[in-house]
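Only one structure is covered here, and it is reproduced in the block below.
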Amino acid sequence: MRRVVITGMGIYSCLGTNLDTVRDALYNGVSGITTDPSRRDQGFRSILTAHVPEPDLKSVLDRHQRAFLPEEGKYAYCATADALRQAGIDEDYLLKNDVGILYGNDSSAEAVIRSTDRCRMMHDTTMCGAGAIFQSMNSTITMNLGSLFKLRGINMTISAACASGSHAIGLGSVLIREGMQDVIICGGAQETNIMAVAAFDGISAFSMREDDPTKASRPFDKNRDGLVPSGGAATVILEEYEHAVKRGATIIAEVIGYGFSGNGNHIANPNFEGPVQSLEMAIRQAGISRSEIDYVNAHATSTPVGDASEAKALYKVFGEKTVPITSTKSQTGHEMWMAGASETIYAILMMQNGFIAPNLNFETPDEDSQHLWIPNQRLDKPFDTFLNNSFGFGGTNSSLIIRAI
């Protein structure tokens, strides 16, 4: 069977806009969470958010190219350009080879709302703007990056709620294993504007712990009261192993397992049977025993029900405190559509540097998390195999297993 490796990574998040800065933030337990008081004026219950600076692409892309990119598209462009550079893939290579793109994205709310508001106000559809259609479609990332980077392979957006970025990597690995592509750009992006998350605030999904923003995201902690919205973009370059060796690429890690499932019940409330199925499928495909997994980056978003169901699933699969489990969302908040991709990169950075970032704010276990090994301080611990979980609304589950090489 063809092997699938990672040869490039790029990240644009609240922890930093390059790999070195993000690595240092993870190592030092830095939180990217803050507040945005202007949200109160818009009727938000919670003003907590993670700060992600919007990139200035004027020196990189022309006016027409920028007009087609929504906020999350700008993040994705930066992350992808960095990942391609690290992989040693230049414009000449892209022109001569069929490189694909699978990217997770499940909204482009701001672009839709702004263009619709202009149309309603002016009673003229031409006032939507020439770039509105390309910004507002869910496939905005793949259509824009496919054009900007001259990609001729598979071009598809994966819309699977908060598992989108993880499924993009998993499905990319399947296509490469099956011999249908040699190189695929995979990742996930999430807009951070208030229009993207108003409905989440409306269902009381967000933490109200505004007095100390860095304490708000507390995965698995008994006193968690909701997630903190975040965003940005993350890109990994997936490549067939022999192909990467032949062109002299530096191989970062190998994707050895991908598992998925659907919960098949409530649209919003998770269960633990679905995640268990996803975890066990990933382990079977990897062809390893569960004892060989050295670290788990949990999906845990800091919501009461979601964390509890995942804790039950992890306990069933791994048993009592057998493997260190943390959620990097304690530092980043919930990066939603990008989370599966960004957390893959976070865990690889830890693996490369021999540490496990702390699960910040884990002070009091509850009846479910008490069975898990959840370090709230950094562990200086070398490891070479990890599992990353991503779950989403509608009961979509994805689990990835990555190994050092």
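Tabulated values for the structure
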item	result
Cα-based Kirkwood hydrodynamic radius, the stretch 186-280, one decimal, Å	17.5 Å
Mean Cα-pair separation over length for the chain, i.e. relative contact order, pairs under 8 Å, 6 or more apart, %	24 percent
13 Å tail of the calculated P(r), the stretch 338-404, as % of Cα pairs	70 percent
Base-10 log of normalised Debye intensity for the stretch 1-97 (one unit scatterer per alpha-carbon) at q = 0.15, 0.25 Å⁻¹	-0.82, -1.27
Whole-number Å³ per residue for the convex hull built on Cα positions in the stretch 258-316	82 Å³
The stretch 87-108 versus the stretch 72-86: alpha-carbon centroid distance in Å	10 Å
Check: the chain dipole with +1 on Lys, Arg Cβ and -1 on Asp, Glu Cβ, in debye	380 debye
Exposure proxy ranking, count of Cβ atoms within 10 Å, fewest first, for T126, T192	T126, T192
Order by protection proxy (mean Cβ within 10 Å, highest first), peptides 328-336, 20-28	328-336, 20-28
Of the GluC sites (Glu not before Pro) in the stretch 336-402, those whose Cβ has at most 10 other Cβ within 10 Å and which sit in DSSP loop	E367
Spatial separation of Cα centroids for the stretch 44-71 and the stretch 330-405, in angstrom	27 Å
Value of [θ]222 nm, deg cm²/dmol, for the chain, DSSP H segments ≥ 4, -39500 (n - 2.57) each, nearest 500	-10500 deg cm²/dmol
Fraction in percent of alpha-carbon pairs per bin - 10 Å, the chain	5, 25, 35, 24, 9, 2, 0
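Read the figures in this text as sums done on the coordinates, not as results from a lab. These figures come from a predicted structure and were not determined experimentally. For neighbour counting, all protein chains shown are included, and Cβ atoms are generated from backbone atoms with ideal geometry for every residue, glycine included.
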